[in-house]
Amino acid sequence: MVGMSTQGHTTELFPTPTPDTNLLAVLRADLAHAQYTADGIEDLLSAPARTALERENPLPARRELDPLADQGNAAATLMRLFTLGRTATRAELDRALPNLGTDGLLALGLVAPAEGTGSDATSAFAATVDLRPYQATDDFGEILWWIVSDLGELATGRALDGEHVLGIGGATSTLISITPRDEVARALDLGTGCGIQALHAARHAQHVVATDISERALAITEFNVALNRETLPEGHTIETRQGSMLEPVAGETFDLIVSNPPFVITPRVKDAETWTYRDGGAEGDALVANLLAEIDAYLAPGGVAAMLANWEITRGSEWDARPRTWLANSSASALVVQRDIEDPASYASTWLRDGGVTDRDERWEPMTHAWLDDFASRDVRGIGFGHVLLAQPREGEKRFADFTHVETTGAGPLGPRYAEMLRARTRLAQLDDEAFASLTLARADDVIERRHYTPGDDDPMVIDLVQGGGFGRTIQIDTHTAAIVGPLTGEYPLDIFLTAYASLLEAADQGAEIASARASINRTLRVLVKWGFLHIVEQPNPA
């Protein structure tokens with residue numbers, strides 16, 4: 001969260017937990033022994049109960065967890081406590097975490113006595129934070145973390161506090177999945193929140209700076225880093241700094257910048273409710289505009305930025321009009337991929353519900369009107385959401401700018417694909433057609449060809465190349481390009497196939513088509529390289 005402070009609504013937040021190193025080591029061991037892991041939770045809950053939880057409906061999960069917890073199942077006890085907001089007795093906590101015990105949880109600040117209870121084994125305790133397991137796999141192995149954040153609506157039954165520190169939600173997971181993971185020296189997590197992006201970055205960056213305007217977010221990040229430090233490579237460090245946007249790192253450069261900024265467009269109305277974790281306090285999409293206009297100065301040569309963003313689409317304008325304007329004077333190359341568009345009414349509904357305001361709430365109607373009036377004042381017809389990848393050219397390199405709307409999704413994370421796509425676009429930006437023809441290209445293993453025929457015809461009406469991974473894109477090609485793509489196995493330069501195909505056209509009395517065919521092939525092959533249908537195979541330098 002990198003926005004401004006909250007107005008208009010508050011709920012009680014507990015003090016942030018205390019990162020006692022010795023107690024955290026005991027906590028980790030007890031949590032693992034209790035099988036309070038993502039895999040363990042999946043084994044406990046049925047698929048329908050897990051789906052209901054994703055829809056903010058805790059009842060099916062409670063029905064399944066209650067009898068298990070009553071039978072002494074440690075993972076069920078912990079999930080009821082830290083995720084669903086149920087209390088647990090001292091006896092239950094001592095049984096679930098036998099080495100840390102209730103007293104250890106109290107010392108860490110993870111639980112507090114429930115109101116109106118005694119001090120014996122049957123006294124009840126409530127969670128002060130959400131503590132849940134997180135599992136993933138990266139290039140460096142398996143990840144098992146436990147991540148603390150503020151209690152959500154499932155636990156409290158209330159709308160989120162304005163200073164709420166989010167856990168791992170959909171946007172967080174998206175940013176994790178799209179971020180390139182090359183090993184680097186310095187990384188910046190801009191608006192760190194609970195610190196999950198900083199932890200991921202520290203797996204492949206020697207030093208990570210995690211910034212946030214919220215003192216509470218930084219305290220929770222420091223707790224999560226301390227809790228999970230043993231999973232980071234030796235010598236890799238995470239440093240926290242407080243401040244708004246890029247202020248805490250003025251004058252510095254980084255090899256990687258990741259950010260899920262507070263891009264949610266919120267009406268600027270007196271006494272309107274705001275949420276620091278998602279609202280940066282600027283009018284419209286100005287926060288994202290300002291960030292994209294400045295962030296290139298913080299990228300080292302060869303450095304990459306990965307972020308999520310919203311942008312307004314005004315009546316009569318193309319979706320990319322505003323992002324193009326923001327990046328027009330940037331020194332960095334840009335790859336902007338729009339993934340979705342929402343109309344103003346849907347957008348308002350989405351983010352009101354995200355803050356815990358439903359259509360049964362008396363605030364629903366006036367807040368919806370405020371949102372729609374705000375969009376109407378700027379003639380906004382839609383709000384785009386997408387991924388922004390920036391790459392700072394090295395000395396002598398030409399920059400590129402690519403803006404594309406893609407809704408499809410293939411298999412696997414996008415981070416490795418984005419890393420390859422940035423490298424491919426950088427390489428292509430330096431090459432004219434003659435230099436491009438000297439490349440050695442290979443079809444990706446996940447690419448298939450589909451041909452569509454009119455019944456009875458020998459020649460295909462449409463030829464498509466279909467991508468299994470990455471974005472799962474389908475790109476239509478002509479017969480000339482299909483003839484070239486087929487034999488591209490990474491053994492010979494492209495020019496050999498172009499020359500051979502020209503000879504075939506000449507032999508078929510189609511010599512007049514050679515120039516236009518070659519131009520069409522070059523255009524399409526460049527697109528295929530940009531999107532990962534074709535890979536550039538690096539050749540060894542001649543001795």
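If the condition is being touching a residue at least 12 places away in the same chain (Cβ under 8 Å) and either part of a loop (DSSP other than H, G, I, E, B) or closer than 15 Å to GLY470 by Cβ (or both), then segment 441-457 contributes ARG443, ALA444, ASP446, VAL447, ILE448.
Taking ARG399 as the residue in question, decide whether it is closer than 20 Å to ALA332 by Cβ, in the same structural domain as THR253 (by TED's automatic domain parsing) and modelled with pLDDT of 95 or more.
Working: closer than 20 Å to ALA332 by Cβ: yes; in the same structural domain as THR253 (by TED's automatic domain parsing): yes; modelled with pLDDT of 95 or more: yes.
Here the answer is yes, as ARG399 does meet what is asked.
For ALA483, the conditions (1) aliphatic (A, V, I, L, M); (2) within 15 Å of THR524 (Cα to Cα); (3) in contact with a Lys or Arg (Cβ under 9 Å, 6 or more places away or on another chain); (4) part of a helix (DSSP H, G or I) all hold with the exception of (3). Quick one: in segment 133-176, of everything that is surrounded by fewer than 20 Cβ atoms within 10 Å (Cβ to Cβ), in a strand (DSSP E or B) and of a type in the set (Val, Ile, Thr), which residue is modelled with the highest pLDDT? It comes out as ILE143.
Look at segment 1-22: where a residue is surrounded by fewer than 15 Cβ atoms within 10 Å (Cβ to Cβ) and a partner is of a type in the set (Gly, Ala, Ser) and at pLDDT below 85, sitting 6+ places away or on another chain with Cβ atoms under 8 Å, you get SER5/GLY162; GLN7/GLY162; GLN7/ALA272; GLY8/GLY162; GLY8/ALA272; THR10/GLY162.
What about ILE521, is it more than 16 Å from VAL447 (Cβ to Cβ), at pLDDT 95 or above and touching a His at 6+ places or on another chain (Cβ under 9 Å)?
Values: more than 16 Å from VAL447 (Cβ to Cβ): yes; at pLDDT 95 or above: yes; touching a His at 6+ places or on another chain (Cβ under 9 Å): yes.
It is true that ILE521 is more than 16 Å from VAL447 (Cβ to Cβ), at pLDDT 95 or above and touching a His at 6+ places or on another chain (Cβ under 9 Å).
Scanning segment 194-205 for residues that are more than 11 Å from THR240 (Cα to Cα) and either small (Gly, Ala, Ser) or assigned to a helix (DSSP H, G or I) (or both) gives ILE196, GLN197, LEU199, HIS200, ALA201, ALA202, ALA205. In segment 103-132, the qualifying residues are those that are among the polar types (S, T, N, Q) and surrounded by fewer than 22 Cβ atoms within 10 Å (Cβ to Cβ), and the one that is farthest from PRO15 (Cα to Cα) is THR122.
Every test in (1) over 19 Å from VAL111 (Cα atoms); (2) touching a residue at least 12 places away in the same chain (Cβ under 8 Å); (3) under 30 Å from the mean Cα position of the chain (by Cα) is passed by ARG80 save one, and that test is (1).
For GLY356, the stated conditions hold: it is assigned by TED's automatic domain parsing to the domain that holds SER333, modelled with pLDDT under 95, of a type in the set (Gly, Ala, Ser) and not in a helix (DSSP H, G or I).
A single entry from LEU372, LEU428 fulfils the requirement of being outside any loop (DSSP other than H, G, I, E, B), among the hydrophobic types (A, V, I, L, M, F, W, C) and touching a residue at least 60 places away in the same chain (Cβ under 8 Å): LEU428. From the list ILE448, ILE477, ILE383, the lone residue that is among the aliphatic types (A, V, I, L, M), crowded, with 19+ Cβ neighbours inside 10 Å and more than 30 Å from ILE265 (Cα to Cα) is ILE477. Pairs are defined by a Cβ separation below 8 Å, a sequence spacing of at least 6 or placement on different chains, a first member in segment 472-492 that is within 12 Å of VAL447 (Cα to Cα), and a second member that is surrounded by fewer than 13 Cβ atoms within 10 Å (Cβ to Cβ) and among the β-branched types (Val, Ile, Thr); the pairs so defined are GLY472/THR408; ARG473/THR408; THR474/THR408. Of the residues making up segment 34-48, those that are in contact (Cβ under 8 Å) with a residue 40 or more places away in the chain and not β-branched (Val, Ile, Thr) are ALA34, GLN35, TYR36, ALA38, ASP39, GLY40. The residues of segment 22-68 that are over 26 Å from ARG158 (Cα atoms), among the aliphatic types (A, V, I, L, M) and in a loop (DSSP other than H, G, I, E, B) amount to a single one, ALA34.
The values are calculated or read from the model by the stated rules, or taken from the named source; none is laboratory data. Note that the structure is a prediction, hence the values are computed from the model and not measured. Note: ideal-geometry Cβ built from the backbone for every residue, glycine included; neighbour counts use all protein chains shown.
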